[in-house]
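J.: I have a structure here, written as structure tokens, and I will follow up with some questions on it.
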Amino acid sequence: MSEKEKYRQICREAAWTGISLLALIIFWLFAGFGLKDLGIEIFHMPLWAVMSSFGVWIFTIILVKGLTSFVFRDMPLDEKEENHAE
């Protein structure tokens with residue numbers, strides 16, 4: 001993998017991580033504030049409290065699994081050995 005390809009992959013991973021963070025923040029806002037008017041309770045807790053804590057946690061796990069499966073690649077980040085020969 002060339003240096004240019006590595007750089008592109010690193011930028012791609014960073015961009016998708018930022019998009020995932022934005023999606024997580026939007027989900028948290030919806031789960032915390034969007035569900036506050038519903039009268040639904042789970043384990044004697046309001047739905048907004050459950051979704052803004054456990055729901056966000058589960059959503060984060062799904063996002064990370066998606067990132068590691070489809071976006072991130074395992075690649076060596078060190079330079080080629082020819083450049084280090086003296």
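Only the coordinates and a few stated rules stand behind these numbers; no lab work does. Here the structure is a predicted model, which means the values were calculated and not measured. No Cβ is skipped: glycine too gets one built from the backbone with ideal geometry, and neighbour counts run over all protein chains shown.
J.: Which pairs do you get when a residue that is of a type in the set (D, E, K, R), found in region 1-23, comes within reach of a residue that is not in a helix (DSSP H, G or I), reach meaning Cβ atoms under 6 angstrom, with the pair 6+ apart or on two chains?
T.: Correct list of pairs: E13/F72.
J.: Working only within region 34-71, note down all residues that are within 30 Å of E3 (Cβ to Cβ) and exposed (fewer than 15 other Cβ atoms within 10 Å of the Cβ).
T.: Within region 34-71, V64, K65, G66, T68, S69, F70 meet the criteria.
J.: Within region 56-72, identify whether any single residue is assigned to a helix (DSSP H, G or I) and over 16 Å from the mean Cα position of the chain (by Cα), and answer yes or no.
T.: no
J.: Another question, if that's okay. Going residue by residue through region 23-38, is there one that turns out to be among the charged types (D, E, K, R), on the phi < 0 side of the Ramachandran plot and not in a helix (DSSP H, G or I)?
T.: yes
J.: Could you say which residue among V64, V50, V71, V56 is in contact with a strand residue (DSSP E or B) (Cβ under 8 Å, 6 or more places away or on another chain) and without any contact (Cβ under 8 Å) to a residue 60 or more places away in the chain?
T.: Every option except V50 fails the conditions.
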